[in-house]
Amino acid sequence: MNKSIGGLIILVLSMAVSVSPQQSHVADQPAQSDVVPLKAFARDQRFETVSGDPTKPGAIYVIRIHSEAGFITMPHTHPEDEHIVVVKGTWSLGMGDRFSRDGLQTMELGSYGLVPKKMTHFGQAKTDNVIHVYGIGPFTTHWVIPMYELTGKGVLYETSGNQPGVPTSINPPDCFRLKLGAHVRGSYGDGIVIGAQCTPGELTQYRIEKADGERFWAQGEELKIL
């Protein structure tokens, strides 16, 4: 294990965890009772506020974040400590200014991870998954390198995970080799490209929808055009 990562991430595997059955922004959905069951996320929903207000400085908050299989969260920072518990599927966490698969440490169901405030980190969903995040607000996400997002309405430019991307006429030449609607095959199956994210100089990942409606993400070099 990489010592620098091992010193920052504490993994606590629960002996028994029971659960029931993606770049967006923290939804204000406060809990209505003391018990908030884990339920299926609505299509295209990525965030759920379980308790508190993640936007309020000094306030305790609890949120859940859903990621589709293969999705990479690029290097970013938060102003306060981030506490992570995996409540569905498998997540991986790494530290550093550049995304590296070798730097990822797997977090299975029930694992706990601690990311100190202002520490640059990244992650990847190994499967369709949900992580439970808690801490002291504000929960804001600042990308180390701003990213471009390919959507049905054009290309958006994004510097923060908490604010919507803004339309831009800039389309970095090395970003979007595949176009929306391309039929491709990846490790999770065959499907159609319905979106993409590009961090210039780093990587481009594509969002794929399969015939059955299931969605996953893959880097361009992992996909074969059909």
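Just so you know, all these numbers are worked out from the coordinates, no wet-lab data involved. Every value quoted in this text rests on a predicted model; they were computed, and no experiment measured them. A quick note on method: Cβ atoms are made from the backbone with ideal geometry, for glycine too, and the neighbour counts reach across all protein chains shown.
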Quiz item: Using a basic spin-label model with each label point 7 Å from the Cα along Cα→Cβ, how many nm lie between R185 and D212?
Solution: 1.8
Self-check item: From phi via Karplus (6.51, -1.76, 1.60), per-residue ³J(HN,Hα) for the stretch 110-118 in Hz, x at Gly/Pro
Solution: x, 5, 10, x, 10, 10, x, 4, 6
Quiz item: Which net charge results for the neighbourhood of M119, defined as the other residues with beta-carbon distances under 13 angstrom from its beta-carbon, given Lys and Arg at +1 and Asp and Glu at -1?
Solution: -2
Quiz prompt | Fewest-first ranking of K88, K118, using other Cβ atoms within 10 Å as the exposure measure | solution = K118, K88
Self-check item: Whole-percent pair-distance distribution, where bins are 5 Å wide, for the alpha carbons of the chain
Solution: 1, 7, 14, 19, 20, 18, 12, 7, 2, 0, 0
Quiz item: Setting aside same-chain residues fewer than 8 positions from K224, which aspartates and glutamates have a Cα under 12 Å from its Cα?
Solution: D190
Exercise. Give me the lysines in straight-line cross-link reach of K56: C-alpha distance below 17 Å, same-chain residues under 8 apart excluded.
Key: K117
Quiz item: Each residue of the stretch 221-226 in turn: what ³J(HN,Hα) in whole Hz from Karplus with 6.51, -1.76, 1.60 and θ = phi - 60°, glycine and Pro shown as x?
Solution: 5, 8, 10, 10, 6, 9
